[in-house]
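Each remark here refers to the structure printed beneath this line.
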Amino acid sequence: MTDVTYMRRAMELAELGHGWVSPNPMVGAVLVKDGVVIGEGYHRHYGGLHAERDALAHCTQSPEGATLYVTLEPCCHTGKQPPCTDAILEAGIRRVVVASKDPNPLVAGKGIEKLRRGGVEVTEGVLEEECNRQNEVFFHYIQSKQPFVVMKYAMTLDGKIAAYTGASKWITGEAARMHVQEQRHRYTAIMVGVGTVLADDPLLTCRLPEGKNPIRIICDTKLSTPLNARVVKTAKRVPTILATCSQDAEKIARFQAAGCSILSAAELDGHVDLKALMRQLGEEQIDSILLEGGGTLNWAALSAGIVQKVQAYVAPKLLGGQAARTPVEGIGFASPGEAVQLVDSRILKLGDDFLIESEVSGNVYRNH
């Protein structure tokens, strides 16, 4: 067994925390002694034990002299949990293998330095790129203080998100739709425009049996969401934010009485200023957003430069129709050279459909 093998196991453990740990990172840890795994752990939920302490808590024998594999640099400060570096030193661990350095300014190399000062051998950078990608949300959020935004849409092979009649159920099959539910569990919030609420009256919840509902955010410049919309009627059960430029106190009071939170947003060109909204949401500890809007909101988000990743679910169907809706509308760019550049594309087959997932060039975490 090699360092890479044990680190891959640590990554598998880290992934078990997705959807539950935000705005903290996903972290996994494996303890190995004399070639035998003696403890495994991961960060299970926000505020809970960090991966290193979780692994120590599940040790089958003394960890003294063992090697610890951990996907992110151990913390050296006190937050909701005490420093993991202290636990490592107290346990007598001989060697620590780290994948990613922690971009959090409170750590940022200080954890590794403290371990080395304590006589621990530290190996850095094992599967670093893969672990950086696993924690792309955390890396972006901790450095920018703004949510990591994933623009998601389902379309036919000729680029239509609905027929010319407006009918869109269902573009993709069951496997692709189930994958979307997993994304709703993974990311902290889901955001649509009021046009989507008016057209589809969506619930915007996670339909996985053990899933976590995302915080629902509606961009609603003039506060036009109907009071009988499903997102409003369920707002006391599922956190719901209406981001609006409206100052109508009477309207606002009605939505608040229904359980909605009202976020007073800045206005830009007659609509919610999305850049300013991202700063506000970041201050609310919303570290990630699944953008499930229509072509108008998607164009606005791309134009504002707030999108970090694109998830395009593509069905092998042809709808046609000059007036049929497309994933990104608005005025568009004047030439191919001006287009938003996507990089590191990956393709996943989901039943008869395909997910094409791409990063928007210039992500903060990619430059870490």
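Things to note:
- Total residues in the stretch 8-23, condition open to solvent by 30 Å² or more (accessible area, probe 1.4 Å), within 14 Å of Glu136 (Cβ to Cβ) and in a loop (DSSP other than H, G, I, E, B): 2
- Near pairs, Cβ below 7 angstrom, 6+ apart or cross-chain, from the stretch 169-191 (farther than 19 Å from Ile241 by Cβ) to any residue that is β-branched (Val, Ile, Thr) and open to solvent by less than 20 Å² (accessible area, probe 1.4 Å): Ile171/Thr156
- Matching residues in the stretch 281-325 - criterion: being open to solvent by 50 Å² or more (accessible area, probe 1.4 Å), out of contact with any helix residue (DSSP H, G or I) (no Cβ under 7 Å at 6 or more places or on another chain) and not in a loop (DSSP other than H, G, I, E, B): Glu283, Ser303
- Hey, Val328 in a strand (DSSP E or B) and hydrophobic (A, V, I, L, M, F, W, C) or not: no
- Restricted to the stretch 204-243, and to residues there that are polar (S, T, N, Q) and within 20 Å of Thr296 (Cα to Cα), the residue that is surrounded by the fewest Cβ atoms within 10 Å (Cβ to Cβ) is Ser224.
- Pairs meeting the criteria (first residue in the stretch 1-12 and closer than 17 Å to Asp34 by Cα and of a type in the set (A, V, I, L, M, F, W, C), second residue part of a helix (DSSP H, G or I) and open to solvent by less than 40 Å² (accessible area, probe 1.4 Å), beta carbons under 9 Å, at least 6 apart or on different chains) are Met7/Cys131.
- The number of residues in the stretch 177-193 being open to solvent by less than 30 Å² (accessible area, probe 1.4 Å) and either modelled with pLDDT under 95 or touching a helix residue (DSSP H, G or I) at 6+ places or on another chain (Cβ under 9 Å) (or both) comes to 7.
- Residues in the stretch 129-149 that are in contact with a Lys or Arg (Cβ under 7 Å, 6 or more places away or on another chain) and buried (at least 23 other Cβ atoms within 10 Å of the Cβ): none.
- In the stretch 44-66, the count of residues that are touching a residue at least 60 places away in the same chain (Cβ under 8 Å) and either under 23 Å from Lys110 (Cβ atoms) or of a type in the set (Val, Ile, Thr) (or both) is zero.
- Only one of Glu113, Glu90 that is of a type outside the set (Gly, Ala, Ser), closer than 21 Å to Gln143 by Cβ and either surrounded by fewer than 19 Cβ atoms within 10 Å (Cβ to Cβ) or over 25 Å from the mean Cα position of the chain (by Cα) (or both): Glu113
- The residues of the stretch 158-176 that are surrounded by 13 or more Cβ atoms within 10 Å (Cβ to Cβ), farther than 24 Å from Tyr187 by Cβ and not charged (D, E, K, R), listed by number, are Gly159, Ala163, Tyr164.
- Scanning the stretch 344-368 for residues that are closer than 16 Å to Val150 by Cβ, modelled with pLDDT of 95 or more and either among the basic types (Lys, Arg) or exposed (fewer than 13 other Cβ atoms within 10 Å of the Cβ) (or both) gives Ser345, Arg346.
- Pair list, Cβ under 6 Å, 6 or more apart: the stretch 303-328 residue under 10 Å from Asp158 (Cβ atoms) and of a type in the set (Ser, Thr, Tyr), other residue part of a loop (DSSP other than H, G, I, E, B) and at pLDDT 95 or above: Thr326/Gly159
The values are calculated or read from the model by the stated rules, or taken from the named source; none is laboratory data. Since this is a predicted model, take the numbers as computed values, not measurements. Counting neighbours? That spans all protein chains shown, and the Cβs are built from the backbone with ideal geometry, glycine included. Just so you know, the surface numbers come from the protein's heavy atoms only, side chains and all, with ligands and any DNA or RNA stripped out. Shrake-Rupley method; radii C 1.70, N 1.55, O 1.52, S 1.80 Å.
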